[in-house]
Amino acid sequence: MRAAAALLALSLPLAPVVAAEPRGTGDLGLVVERALGSVKIVETTHRTALARVEGLGDLSHASAVFGRDGRHAFVFGRDGSLTKVDLLAARIEKRVVQAGNSIGGAISADGSLVAVANYEPGGVKVFDTATLAEVADIPSTPLDNGKRAKVVGLEDTTGRRFIWSLYDTGEIWSADLKDPAHPRIERFAGIGKLPYDALVTPDGRYYVAGLFGEDGLVVLDLWDPVARPRRVLDGYGHGEEPLPVYKMPHLEGWAEAQGLLFLPAVGRHELLLLDRGSWEEVGRIPVHGQPVFAVSRPDGRQVWVNFAHPANDVIQVIDVPSRKVVATLSPGEAVLHLEFTPRGEEVWVSARDSDKVVVYDTESRQQVAEIPADKPSGIFFTARANRIGF
């Protein structure tokens, strides 16, 4: 009877997260409610919302990472805030406003450091995850206008290492923070025009940066101590006039499956297929609109894609073996993000302008649940906690 009562409490919307019996965090996550400046804590086992945590500031471009045990989320706000949220207690544990404008961040492999990418002032700040005390400040390259270059594509790698790109100056920087008081910085200049986002491959070997100012990508082998960034997919537009870009693709949402990278083409209605071994283009897949996220199901069998305005009420499913679109679905208006459950049996989809999160069974591609949320955007599950580059 006692166990049944605890289960009932967890199944009620916005019930307290801490039940009569202790619970783990493996099926928890959060949904960003961007207009309210809040996050909704959810659990995937019963597809329910457990609590709302308010007071996180400007979440118009928010993202989150998790501590090693999955209990704490670190939420990066556009207003320069870094907020540590206790998922079990459903409360803010600590919040600092560390910059004027920030664009995401990453957590170190050992879970001890969290780094924030800043537009204003440009640079990276690093904090102790236990206390949110600042332990390092790494300013970016100065510009002629007195400002500093914007930091984009900040990712964690192995150890206490972070890597990022500088949008305005076309650079890649990496930092080893074994001793946070004395970061060891390596700089690579002249990588290309306007790098806008990046990813680290799941094995931690390659850092891949996209270029907004020209057709192409930059790859850096992090396992090779003398490697230099090299260009791949140069001129993939072949001189064609690209379409207006309404929303930049997110490289962290690039899919890797079966030895291939499925990459959103900037300003095009297609995905580019890149061989992970040779870094050569091996195909293209026409899609519904300009892709934003192309996300691989954990087993690599499917890739789910959402799109930029004005075609952003649709998602498409690609079958990886056949490299074909096998389903087109309509979750709601302004689909912003997709997140798979840890084993990939379901995918959660945020439909911002429909004020809901829609859950699909990935085998049948049928909707199995709908969760109300206020202007939802990013969805982040604790399964990310111990993955590289997430």
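Couple of notes before you dig in:
- Leu50 meets the conditions (1) assigned to a loop (DSSP other than H, G, I, E, B); (2) over 19 Å from Ser354 (Cβ atoms); (3) at pLDDT 95 or above in every case but one. The failed one is (1).
- Residue count for the stretch 62-104, restricted to those that are closer than 30 Å to Glu346 by Cα and crowded, with 17+ Cβ neighbours inside 10 Å: 25
- Checklist (1) under 22 Å from Val65 (Cβ atoms); (2) touching a Pro at 6+ places or on another chain (Cβ under 8 Å); (3) hydroxyl-bearing (Ser, Thr, Tyr) applied to Thr382, failing item: (2)
- For the stretch 331-385, a tally of residues being closer than 30 Å to Ser112 by Cβ, surrounded by 21 or more Cβ atoms within 10 Å (Cβ to Cβ) and of a type in the set (D, E, K, R) returns 1.
- Scanning the stretch 105-134 for residues that are of a type in the set (Ser, Thr, Tyr) and either buried (at least 22 other Cβ atoms within 10 Å of the Cβ) or under 19 Å from Asp156 (Cα atoms) (or both) yields Ser108, Ser112, Tyr119, Thr129.
- Any chance Ala311 is within 26 Å of Val266 (Cβ to Cβ), modelled with pLDDT under 95 and of a type in the set (A, V, I, L, M, F, W, C): yes
The values are calculated or read from the model by the stated rules, or taken from the named source; none is laboratory data. Just so you know, these numbers come straight off a predicted model, no measurement behind them. Using ideal geometry, Cβ is built from the backbone for each residue, glycine included, and neighbour counts are taken over all protein chains shown.
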